[in-house]
Structures are given as structure tokens and as C-alpha cells.
Amino acid sequence: MTGDDIPLQVDGICASYQGVPAIDNVSLRLRRGSITTVIGANGAGKSTVIKCICGLVPTDRGKVRLFGQDVTGMPPDELVRRGLSVVPEGRRLFSDMTLRENLELGAYTRSDATAVARDLERVLTLFPDLRDRMSTMVNRFSGGQQQMVAVARAMMSAPRVMLLDEPTIGLAPVIVERIGNLIGEISRSGVTVLFVEQNAEIALEIADDAYILESGKVIAEDTAANLAQTDEVKKAYLGV
Amino acid sequence: MMSATFVQLVIISLEIGSVYVLFSLGLTLIFGIMKVVNFAHGQFFAVSAILVTILVPFLAAHGLPVLPAYFLATATTVAVTVMIGWGVYQFGLVRFLRDMEGAFILTLGLAMLSDGLMLSIFGGAPRPEPVIVPGTVRIFAVAVLAQHVVVFGAAVCITGALYWSMTATRLGKALRAIASDHEAAMLQGIPYRRLSRDGFLIATALAAIAGALMAPISEVTPAVGNDYLMNGFMAVVVGGLGSVPGAILGAMFIAVIEAVGGYYVGPSAATMAIFVMVIVVLLIRPRGLLGRA
Amino acid sequence: MSRQMMAKPLLGAAALMVGGLLIGGAGPADTIRLGLSLPLSGGGAIWGKGTAWMCDKAAAQINKAGGVNVQGKVYKVACVAYDNKYTAAGGASVAHTLLDRDGIKYVLAMGTAPILATQSLTERQGDLLFNLSWGKATKGPKFPLTFDVFNSPAEIGPAIIKFIAKTYSSAKTVVMLNVDDATGRETEAIMRPMWKKAGYRVLASMFYERGTTEFQPTALRLASYKADIIDLPTLPPPDAGKVLKDLQTLGVKGVKILDDGTSASAVEATSGRSALDGVYMGAAIPIDGPSFDARQRAISKEAKAAFGDPVNLVNISGYDAMQELVAGIEKAQSLNPHAIAKALPTVHFKSFYGDVGFGGAAAYGVNIQPLLPVYVTQVVNGKLVDRAKVAVSGK
Ligand SMILES: Nc1ncnc2c1ncn2[C@@H]1O[C@H](COP(=O)(O)OP(=O)(O)OP(=O)(O)O)[C@@H](O)[C@H]1O
Ligand SMILES: [Mg+2]
């Protein structure tokens, strides 16, 4: 298959922290326009996978291909220019800056002002409760709202591939539901989505494809629907 | 009716404060972006002050009136200093981004090297200073050196310009984003390394401009940068490392203690008082007056 | 300030290594060597280099005139200089090199801290020390092998006060400002009682820390006393320049004195010409004035061409120390430091200033001070003008 069909392909990447391996031989393939999830428990290595893809953590081995091109070890800002966008773990908003500034920074790489304005309008339609608070410092927002801002900021770069690190963690069930819908919405607009989750129930419900990560290794991969049916997943991740 | 002494002390505080502000802005900018303290910051100040004392008489001897000579000298000096800063960044500091200890050793070493170089090139004797804006002006019946008024005005303009560009321009916002969270900034496509360099060069230019502005009123020797570094550094620490409004507040804080203490209890005690007050502030607010937790 | 303190030892160490390689220690057996412990790097380098140059000058003159005759044997003389970095550690290391490694028995040391480090060795090992420091603490009967080489506040102070009393008979009050270090404290302790003894009221005596960049508050405080005389004994030229400029801005009229001021141009660099006008200096050499002749002016010119400074109170000590040593050796007819020390208080030697003898018992308890004249000078339009040549009375 070509880079067009598989916008993001991860081939056998390994990474370690001070010599201690964190992920081992992880391979992922994201089909164009699909939603893929990586499920794993605390410390399984989910964030490390994301950070390796976006260049924040160096890989020891393996390759990352974005739209067919080898981007292994490229700095994050270069990847953003190539159409990747990330909602990092812990949101990482620019807390002492206003909502408007955060969203503007999301569009940092873009020079087409009218297109940016159009996207801002689109984002504010998706998050109507943010509209009146454009001049508020984002550290004044609630946790759920901050998660919305993080996603909104990531959308502002008009990405073609979006990575989200535990977008639902610590949020109230209604908000979790909204985030789920949002991911669906983003995907339908043509963006290929990868999100990592501890919450397997919601993850498998939203995703098309799923991987299960345990102690840094991929131990299972299939369509989300199929995986949700296996006994191990039911027992270990869905609490059934 | 305000007493003459009160007016006098207010004016002196503003004079001293504007000098420290000019010096601190670059220091706090570098810390905010790169999370390192540049102990060679004073060297850029000194190089610039020395070059101005060389260039102004040189240009004047070639027939230029003093003001154009000064502006041309300042422009040249800032350009030269920024080029030196580029070298320092490209061949040194770029390896020590966010590495407090590494950068400490590097910038301290550079400062020593530059101390020695400047001493052997320019000599240790104070250099004759050009008179740019001569005479005194009266403000509320208090005589003030005209050059001090110039420095104050320049400090206000430069601080205003910096503040405006940090809040209103794309570069400024990107630099603030880097200061806030450099990884998150990179994830928005902000080229961290390139902008760190730009931020460092802006800070270098600020030090050079400060040096050029102070050349007519401060002493001009290779050691002058170190003397300012001490108070500039304390201003930045008191105000909150990395914060531009903090640097302004910290500079004024130190200036007021120096002016009021110097007048009422004497200069030596005022210097002690600055140290004591800095420690007191840091005990109450370990990250400085406007520092983020 | 901590930065600077760290900077100096390293640079100094490098300079010392280079210096050691270039100069080397050993000399021929028929050469009398005067060791020089001087700041040759850092802020004091200009003093050290000048002093070394002046020592070489004296040595060349002495050798040209036939050297030194001791009991029929003729010796040449030479100067051996090392960098003491103006620090105690540097002083100790240079003292060790000169006395122990090079086997030199006569040392000229500059700076209070290096002198303290040197003196503990010279007095114990029986070597002769020429003491180039402002203070009194390292001079006196406790240090029988230590001799002074120049005028310090103990000599300059009385001369200046005598001159001021005569010139400004209505002046009655004084404020003082000194730098807050060993030099400033010691000088203040010498000068303040002198003013009092001469009948002046010292309204205030202040100190400031080295590294201070802004002097307006200090100037304002100095001005607030409205004293007749503003005495600034130990201010380094740039600091003096700033204080004078700020005093001028405040319109302060009093008589201003830089007792240790050696150079008008160094202060003027910072103060500007008009703020320095009328200021008195106690340690400047009015080489162009009537007290000096063409021969002395020629040396000064040569000095300026060689290292950038004309002769001054400090660097002349290099010349005078060599002359003192030679005079002492010839009188004692011995190379033994104890014998020379015994002879020195009674000799006359060819100082740069002319023929002088020793005295100083009034100030130090022993006659270890060459009785050099004090020149009171006043800066007029950027030039030093001779106002008085005060003979220091001795024994
Ligand atoms: N910066 C780091 N330094 C050292 N070890 C780290 C670092 N970050 C993660 N690790 C370790 O690497 C392993 C994988 O961590 P990672 O953060 O990728 O897990 P995760 O699946 O995202 O966990 P969580 O659900 O808690 O976010 C863990 O054992 C963790 O302790
Ligand atoms: Mg994680």
C-alpha cells in the first residue's frame, strides 16, 4: 500500500529512558480516515509511542513514516508542518496565555489568514462555550474545558493526522461522551486519528482499529469490534 | 507640598531603575526561553560600551556631528555585538539549552575569556566617554543629567516595545509559548531552536543597546558589565526569573532600596539592605514577585 | 562580584605560567636580583606593569653606571617579576616562587593582601621586603625587615590637610567617603583622626561596596551635610569620576579631595572635564611642573610609550625600591638582608624624586619611610597644576 492509504506507519520502534526499555518493537498502521486506538494500562508505554512518533523522544530502533516518508527523529515542529498534530498527555496548554493566543499558536505554521479564520470559526462552532471566553487565561478553565481547548488548538493547524494522548482521562462521563463524539467528528472531516487510552470501553467503542500494549509490547491488534469480543480483552480491559 | 528630598529620591530611583531594567530585560528573556542564566550578559554590555567610546570620537574626527556619530556608532556596535552573540549561541549555548549547570560553566568561562581579551585589547583603564546630550535639565526644581533623562526615556520606549512585541507579534507569542512549555510549543510547529537563537540575539541586542546608552554616564571599563550583572541578576531573581514585568518590578525594587537606603543610611548599608531584602522576598515568594509556581 | 573573584585566579594562573616560562628564575651568580610580586593581570595590571618597567629602568641605569660594589666585588642588578593577581593566594604563590625556588632575598610586593602573604615568609626566613601598600598594619617595629617605598595616606594626609588649612582658612567641616575594603577602612582610620587633630569637624564618614554602579544616592547624602570639604581618599578613578559628576549635577560647591588620586585623565574619562575642575589630588606626580626636570620628564615619556601610563606615585616605587636596595647594600657592604635592614634607615639614595633619606618614626615607630616629597596638585581644565610641594619631615 502507498503512503496515501497509510498516512502514518510505525515499524518496529524501540525506545528507552536512561537505558531502561520503555517500548519494544512497536508497529502500527493507520488507515486513511480511520480512528485507531492503542489501549494499555498505566505505564504500558502509550505516551512513549506518541512521543516517539512526534519526535519528542528519540527511537533506538525502527522507523516512523508519515505519508510514506521517513520522518524518524525529525523534530516536532517539522512534523507539524507536514500535517501531524498532537494533543499531548496532560494537555500542556500555554497556561498564562489567553484562549485566543493558545488557538493562534495552534495555527503557528499557517500563513493563510482567511483559512485560519475559517477554521477558528469551525472550531468555535464545535465548542460553543469557548466563544465568549477568548480573552480569558486558559488556566482559569475547568479540566473538561481545558481538554476541549487542547483539542481545539490541535485542530487549528489543519492537520491530516492527529494524535491524542488519553483525551478522556480524569473527565466526567458527560464530557467523556463529548470527547468521543468530537473524535468521530474530526475523523469524518478527513483526519486520520490515533489516540491512546486506558479507558478501553470508550476507546473500543469509538475506534475502527485497536492495538493492545502491555509492558511496551503490542500483544494484540485487530479491528476494535473484533478485539472487544475476545475474552482476554473483556476480562482485562472491559471489566466484564 | 512634597519635600525636595522626596522628589530627588523618586527621580534617582527612576534613574537607577531604568538602568537596571535595561540590563535585566535581556537576562530575563534568555532565562524565560532557554532556562539558563547567561553570566556573560554583562560582557555584551561592556563590549558595546567600549566600542561606542571608540567609534564616536572616530566618526567625529571624520567630520560627523556628535548625534549622527552616536547613532551610527550604536547601530554598528549593536550589529557587531549581535554577531558575537550569534557565535556564542551557535558554537556554544545551543548545546546547553535548558541545561542550567552546563550553561553556567560555559557562560562563566566565556565571561572570563572575554574579560581577559578585553583587558589585553582595550586595557583596564577607564575609557574617555563621549558627551552625547550634554548638561542638565530641571525636573520639579531638581537638576538631572540630560543623559539620564535620555536613558530613562529609552528604557521606557524599549520596555514598551518589548512588551508590545511579546504580546502582539507572532514571534513574541511564540517566544512566550516556548517560555511556558517548550515541548508544547514545538508541538504547535514552533521551531524551538531557531527561536531560542532569535530570542538570545534579541537579548544580546538589548544588552548592546544598554551599553551604548550607558557609555556616556557609566564608567567604561572591561569590568563594567560584571558590576551591572550583579544588580541586574538580583532584579531578575526578585521579579521572577523569565518574567518581563517581573524584571521591571525587580529593577525598581532594587533601585528604590539603593536610593532610599543610600541616602538615609549610607551606600554600604544600602548594598547590604538589597541583599537582605532579596533574601526576604525569596523566603516569602521563592519564585520571585511575579514568578510562576 | 563572585564572578570576578573567580575570573582573576584562572587568568592569573595562566599568566603566571607564561611569565614563569619567559622570565625564568635563575640569574648569573654576580647579579643581585630584586623580586617583584605585582598584579600583572586583571584590573591592577597597569600598576604592576608600570612598576616592573620602572624597576628595569633603575636597574639599567645602575648597571650602566658600573653596578654595585660590595667589598671589591662588582655586581649587576636585575628585576624578576611575577603576577600576584592582587590576591592573597597569588601573593603566597609568588612569594614561594621568588624566595624558595629562585632563591631571591629581596622582594618588592604590591597590594595589602599579597603583602600579608609575602611578609609572613620574608620576616621568618630573613628576607628583605619593600612594602608597596597604602596601610600601616604591615609596617612598623614588628617587621624589622620591611621597608616602605612610597608615600601612603600617613604621609599624604598631613601634607594635604596642611595645605587645605592654609588655603581655605574658613573651611571647618569635612565629610568622607571611602571604598569598603581593607584599603578604604585602613585609610579612613588614618585620615579621620588627622582631620580632627587639625581642628576640623568630620560630619560623616561613609563607605560603599566595590562594584557599586550608581552613586546618585551617595552623592545626595554627601551633599546633604553641606560640608566645606568633601574628602574622597580611596576612590578608584571610575568611581571618583561618577561621584564627582553626580556632585556637580547636585551643584555641590565644597572643596573636593582625591587623596590617593594619581591621574587626572583616568578620573576625567568618567567624570568629564568640568566636574573634575578644581579637585585636589594627593598622589599625582606633576611631571610637567617646576618640581621635575627634563631627565625625569624623559623617563615619564618613555614609560608612557612603553606601557601607556606616565610615571605615577605607584610605578615610581619600582624605581625607588631598586635604588633603596642598592643604597642599602653599598652602605652595609653586605648582601645579608639583616645587615642591609640595619643600614637602610641611615642611607641616602637616588630616588626618582631626587636624593632622599629615611624617617617615619612618628607614623610607624621606626625609620622605615623614605622621606619623599608630597605634591599637592589641583586639576585645572584637565591639567594637573602644582599647588604645593610638601616635604615630609622625618625622624
Ligand atoms: N521521562 C521518563 N524517564 C524515565 N522513565 C520514564 C519516563 N517517562 C516514562 N517512563 C517510563 O517508561 C514506561 C512507559 O511510560 P509511559 O509514560 O509511556 O506509559 P503510559 O502508558 O503512557 O502510562 P500512563 O497511563 O501513566 O500515561 C514507564 O515504566 C515509565 O515509568
Ligand atoms: Mg501516558
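Numbers for the structure displayed
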| read-out | value |
| --- | --- |
| Computed over the stretch A:135-240: relative contact order in percent, which uses C-alpha pairs under 8 Å that are six or more apart | 20 |
| Sorted by Cβ neighbour density within 10 Å, fewest at the top, the residues B:Tyr70, B:Tyr264 | B:Tyr264, B:Tyr70 |
| Dipole magnitude (debye, nearest 20) for chain A, charges at Cβ of Lys, Arg, Asp, Glu | 460 |
| Average other protein chain Cβ within 10 Å of Cβ, residues B:131-139 | 1 |
| Cross-link partners of C:Lys304 among aspartates and glutamates (Cα-Cα below 17 Å; sequence separation of 8 or more within a chain) | C:Asp56, C:Asp288, C:Asp293 |
| DSSP beta bridge pairing in chain C, given as percent antiparallel to the nearest 5 | 35 |
| Kirkwood Rh in Å, taken over all unlike Cα pairs in the stretch A:80-123 | 11.6 |
| Whole-number D in µm²/s for chain A (Stokes-Einstein; Kirkwood sum over Cα pairs; 25 °C, 0.890 mPa s) | 136 |
| Average beta-carbon neighbours from other chains, 10 Å sphere, peptide A:96-109 | 4 |
| Cβ-Cβ FRET estimate between A:Asp208 and B:Val94, R0 fixed at 51 Å, reported to 0.05 | 0.75 |
| For the stretch A:8-129, the fraction of alpha-carbon pairs in successive 10 Å shells from zero, as % | 11, 36, 33, 17, 2 |
| Vicinal HN-Hα couplings computed from phi for the stretch B:151-156 (Karplus, 6.51 cos²θ - 1.76 cosθ + 1.60; Hz; Gly/Pro x) | 4, 4, x, 5, 4, 4 |
| Cα Rg, Dmax, the protein assembly as shown, angstrom units | 36.0, 117 |
| 10 Å Cβ neighbours from other chains, averaged over peptide C:180-190 | 1 |
| Tail beyond 33 Å, pair distance distribution of chain C (Cα, percent) | 29 |
| Charge sum, other residues only, whose C-beta stays under 13 Å from C:Asp56's C-beta, Lys/Arg counted +1 and Asp/Glu -1 | +4 |
| Considering only the protein assembly as shown, percent of DSSP beta bridges that pair antiparallel, nearest 5 | 45 |
| Residue order, fewest to most beta carbons within 10 Å, for C:Thr183, C:Thr87 | C:Thr87, C:Thr183 |
| Rounded D (µm²/s) - the stretch B:8-284, Kirkwood Rh over Cα pairs, Stokes-Einstein at 4 °C, 1.567 mPa s | 68 |
| Spatial separation of Cα centroids for the stretch B:209-253 and the stretch C:320-395, in angstrom | 46 |
| Relative contact order for chain C, counting Cα pairs under 8 Å that sit 6 or more residues apart, in percent | 16 |
| Angstrom value of the Kirkwood radius, inverse mean 1/r, which spans all Cα pairs in the stretch C:157-240 | 13.2 |
| Spherically averaged projected area in nm², based on the convex hull that wraps the Cα atoms of the stretch C:189-338 | 12.6 |
| For A:Gly83, distant residues with modelled amide H under 5 Å away | none |
| Cβ-defined net charge surrounding C:Ser291, 12 Å radius [Lys, Arg +1; Asp, Glu -1] | 0 |
| Relative contact order of chain B, defined on C-alpha pairs under 8 angstrom at six or more residues apart (%) | 35 |
| Evaluated at q = 0.29 Å⁻¹: base-10 log I(q)/I(0), Debye formula over Cα of the stretch C:197-246 | -1.35 |
| MRE, 222 nm, helices only [DSSP H, n ≥ 4, -39500 (n - 2.57), over the protein assembly as shown, to nearest 500] | -16000 deg cm²/dmol |
| Separation of alpha-carbon centers, the stretch A:24-67 and the stretch B:134-181, rounded to whole Å | 47 |
| Debye log10 I(q)/I(0) at q = 0.10, 0.17, 0.24 Å⁻¹ for the stretch C:87-192, Cα point scatterers | -0.36, -0.80, -1.26 |
| Rg(Cα)/(2.2 N^0.38 Å) for the stretch B:1-102, N = residue count | 1.44 |
| Cα pair distances of the stretch C:56-117 binned at 5 Å [whole percent] | 4, 18, 21, 18, 15, 12, 9, 3, 0 |
| 5 angstrom amide H check on C:Val80, placed H, neighbours 5+ away | C:Leu34, C:Gly35, C:Leu36 |
| Evaluated at q = 0.26 Å⁻¹: base-10 log I(q)/I(0), Debye formula over Cα of the stretch A:118-189 | -1.47 |
| Neighbour-count order for B:Cys157, A:Cys52, A:Cys14, fewest beta carbons within 10 angstrom listed first | B:Cys157, A:Cys14, A:Cys52 |
| Beta bridges by DSSP in chain A, antiparallel share as percent, to the nearest 5 | 50 |
| Packing-based ranking, highest mean first, of B:79-88, A:222-231 given that Cβ atoms within 10 Å are counted | B:79-88, A:222-231 |
| Kirkwood hydrodynamic radius (C-alpha pairs) into Stokes-Einstein, the stretch C:93-138, 25 °C and 0.890 mPa s, D in µm²/s | 236 |
| Rg/Rg_globular for the stretch B:167-221, with Rg_globular taken as 2.2 N^0.38 Å and Rg from C-alpha atoms | 1.50 |
| Binned Cα-Cα distance frequencies in the stretch B:206-293 - 10 Å width, integer % | 17, 42, 34, 6 |
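None of the figures in this text is laboratory data; all of them are computed from the coordinates on show. Keep in mind that this is a model prediction, so the values were computed, not measured. All Cβ positions, glycine included, derive from the backbone under ideal geometry; neighbour counts span all protein chains shown.
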